[in-house]
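Structure first, commentary second.
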Amino acid sequence: MPLQTRFELNSGFYFSDRFLKKRIFRETKRPLSMKKFVLLLVVPTFFNLTLLAQDFSTELEKYPVFPKCDTVEIDALKTCFNNTVKELIFANFEAPGIISEENYNGEVNVFFEVNKEGKFTVLYVDAIYDELKEEVKSTFEKFPVITPGTYNGKPSVTQYTVAFRVPLGELTLESFTREISEENKTESKNITNNLSDEYDNLESLPYENEEYTSSINIPLSHHNYSLFDPAMNQVGLNNHTAQKPFIYSEVNKYYNFENANQQILKNKTSWFGRKWWNEHMVTLKGKDYWLTLDPGVDLQVGKDTEADIDTYNNTRLVYAQGGIGKKINFFAVIYESQGRFADYFNRFAEARKPDGGNPAIIPARGIAKEFKTDSYDYPIATGHVSFTPSKHFNIQLGHGKNFIGDGYRSLLLSDNSSPYPFFKVNTTFWKLKYTNTWMSLRDVRSEVTADGSFRTKYMANHYLSINVTKRWNVGLFESVIWENDNDRGFDFNYINPVIFYRAIEFSTGSRGGNALIGLSSKFKFTDRVNAYGQLIIDEFSSGDIFGGKGSYKNKVGYQIGAKYYDAFGVKSLYLQAEYNRVRPYTYSHNSVVLNYGHNNQSMAHTLGANFSEFIAIARYQKGRIFGDAKVVLAKRGFEFNTTEDMAFYGGNIYGTEDDRISDEGNDLAQGNTTDFLHAEFQAGYLINPATNLKVYGSIIFRDFSPEIDTPTTFDNQTTWINFGVRTDLFNWYNDF
């Protein structure tokens, strides 16, 4: 690869000189007053003196001289010095083994000096691996001693930075600062740097898919995550796959996004062709920053044939992502949406309407207001700032969603609800990854609204992932929810990242918080087959859990599942099977605000509690063509919610345990027992891999058969056909 060298010194008042010439030219076009005439005589003289002084000061400096540069003219010393440094790096640098082992591709920055004796010294190395830093230092130790740079004929210290990519690629050399010896400092006090061309000298560099090596979250999308899930689950890897969303840099070590996209790029040379099929719409990159900006859509048209409803969704969005320096990244997206959906979806949304008159909450999205006579308008904004101070820490502040688990569902924390504000710290070292997340949630029901404001509550959770062996991972989870009672606001008792929340719950009062604990595990049988599971415990009475009497305090749930990659030898065929079972009253609480919910939606499993569920999923993508199939079979227990029976059977997590049907004898799917079938098929084409724009068609078959029809739970069959164009940045959940 050809090398490009940048090394610029201030060139004096050349801008002022040019400005002066233009000014003189304009003035000589019209009659001159005596005052202007005098100025034209005096000003050029003054500037000529200044320029002479500036040129003189520049000529006082001389570059360090390699032996091979002895014979070149003084004006060519800079070029000779730069080229020789590059040659020496290329000749002596040997990439350490960890570069190829981890398939690393990144940049190294070296700050070095040539002292008064002509010896090279490395002052600082900015690189991801210690081995890389040591190799850089070793490389510069092999440089020869040369003739030092001089200022006014005396040896001086000169300092530079050099940047190059590994594996060894483009190398740039630029002035970092120029230090002169103490005895010459007084001579330099009168030298003035001219920054009038600072704007013109701003660098514009080609965008090189910096997002793939950044600490930006990869948008949560089950299909997109399935593409790199096989690479993340190879036997022997020391990574952690339960804490989601992943950041690009941690996945890119195992799945090279750029290479994967290169394989399906279309050969387009026009600007429109490249932007539509292959690239981000707007890219901007300078020396210490980069930015992409894209418009997007989620346009759907369809029909619920059983209810004879024409459905649609009209989402326009714009999203930006970028980086400032090497440690700060950001992502933001704004959605403006209107829609009308299948009958069951609309009823579900309206059943969760907030206090204050708005008609619905769109599942997984947010509060909706009326649009026209039969539709919803639901604007949303999400985003995050990600700061990675070292390879061990990633810190995020955002408004969005999180997910804990290896399955399609999660019993610990899922992306089922509306977005929420969060602060998250990921700590990774040795065989551990420790995630702390603090969230601000809302209870929007009329019975808890105070003074026209929704009730605020908070959630904090810890998740510790441990790679016990190269095949077996175990995760420990704890979470607590508390409300702003007694005006305590955010309780700083819960800010400690290592404390046991159950102890705090006792100290703040039994109704002051709702603590849950959980366990997860994954075992990799081969590179193509792994099994996973979760256990959630919402009550800490072992006698009630193991007593066998059906106590309402037996509030537990579990998940078991398996994944099969390249199934039956078919490349890119992904199969998954999962079983979830959650007992009645799990996630609810006797203090009704302290349930495990946000915006009238569950923070864990989509179906809430009091159910058993089996899921089978198949996914496939070849090139840009993809297809998904999913079947959900469940047995669920609902409340009757009639004048004859208002008891709480444990299905709705927003119910209060004080209204429970009984202390003992509680069983799974009790209440209005319902058989549930959901089958969903989707096929489509990936238009642009950079923006994840897709065109697709889908069909949903749904059968919902309760034991007794009530105003809120009644027999319903749905066939929903849908076509759309979508920028895939989040999960739509239609299977509830």
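The values are calculated or read from the model by the stated rules, or taken from the named source; none is laboratory data. Because the structure is predicted, anything quoted here is derived from the model rather than measured. Cβ atoms come from the backbone with ideal geometry, glycine included; neighbour counts cover every protein chain shown.
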Name, by its number, the condition in (1) modelled with pLDDT under 95; (2) within 21 Å of residue 204 (Cα to Cα) that does not hold for residue 280. (1)
Can you tell me which residue within the stretch 396-419, out of those that are crowded, with 17+ Cβ neighbours inside 10 Å and of a type in the set (A, V, I, L, M, F, W, C), is farthest from residue 497 (Cα to Cα)? 411
Looking at the stretch 655-694, which of its residues are β-branched (Val, Ile, Thr), buried (at least 20 other Cβ atoms within 10 Å of the Cβ) and under 27 Å from residue 223 (Cα atoms)? 691
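Against the condition of a type in the set (S, T, N, Q), out of contact with any strand residue (DSSP E or B) (no Cβ under 6 Å at 6 or more places or on another chain), without any contact (Cβ under 8 Å) to a residue 40 or more places away in the chain and part of a loop (DSSP other than H, G, I, E, B), how does residue 710 come out, does it pass?
Numbers: of a type in the set (S, T, N, Q): yes; out of contact with any strand residue (DSSP E or B) (no Cβ under 6 Å at 6 or more places or on another chain): yes; without any contact (Cβ under 8 Å) to a residue 40 or more places away in the chain: no; part of a loop (DSSP other than H, G, I, E, B): yes.
Here the answer is no, as residue 710 does not meet what is asked.
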Per the filter on the stretch 265-309, residues touching a Leu at 6+ places or on another chain (Cβ under 8 Å), within 30 Å of residue 343 (Cβ to Cβ) and crowded, with 18+ Cβ neighbours inside 10 Å are 296, 298
Which one of the conditions (1) crowded, with 22+ Cβ neighbours inside 10 Å; (2) not in a loop (DSSP other than H, G, I, E, B) does residue 440 fail to meet, given that it meets all the rest? (1)
Set 469, 456, 435: member being assigned to a strand (DSSP E or B) and at pLDDT 95 or above: 435
List the residue pairs whose Cβ atoms are under 7 Å apart, where the first residue sits in the stretch 349-361 and is under 12 Å from residue 712 (Cα atoms), the second is modelled with pLDDT under 95 and assigned to a loop (DSSP other than H, G, I, E, B), and the two are 6 or more positions apart or on different chains. 351/712
Checking the structure you have, find out if any residue of the stretch 647-654 is in a strand (DSSP E or B) and out of contact with any His (no Cβ under 9 Å at 6 or more places or on another chain). yes
Which one is surrounded by the most Cβ atoms within 10 Å (Cβ to Cβ), of the residues in the stretch 567-591 that are under 31 Å from the mean Cα position of the chain (by Cα) and of a type in the set (D, E, K, R)? 578
Please go through the stretch 114-135 and pick out each residue that is touching a residue at least 12 places away in the same chain (Cβ under 8 Å), within 18 Å of residue 86 (Cα to Cα) and basic (Lys, Arg). 119
Tell me whether the stretch 367-376 contains one or more residues that are in contact (Cβ under 8 Å) with a residue 24 or more places away in the chain, β-branched (Val, Ile, Thr) and surrounded by 20 or more Cβ atoms within 10 Å (Cβ to Cβ). yes
Options 561, 547; residue that is surrounded by fewer than 17 Cβ atoms within 10 Å (Cβ to Cβ) and either modelled with pLDDT of 95 or more or not basic (Lys, Arg) (or both): 547
Looking at the stretch 426-437, which of the residues that are under 23 Å from residue 237 (Cβ atoms) and in contact with a strand residue (DSSP E or B) (Cβ under 7 Å, 6 or more places away or on another chain) is surrounded by the most Cβ atoms within 10 Å (Cβ to Cβ)? 435
Among the residues of the stretch 323-354, what is the count of those that are farther than 25 Å from residue 601 by Cα and part of a helix (DSSP H, G or I)? 0
Sort out which residues of the stretch 186-220 are modelled with pLDDT of 75 or more and in contact with a helix residue (DSSP H, G or I) (Cβ under 7 Å, 6 or more places away or on another chain), and write them in order of number. 209, 211, 212, 213, 214, 215, 216, 218
Only listed residue being farther than 23 Å from residue 457 by Cα and not acidic (Asp, Glu), chosen from 381, 349, 342, 364: 342
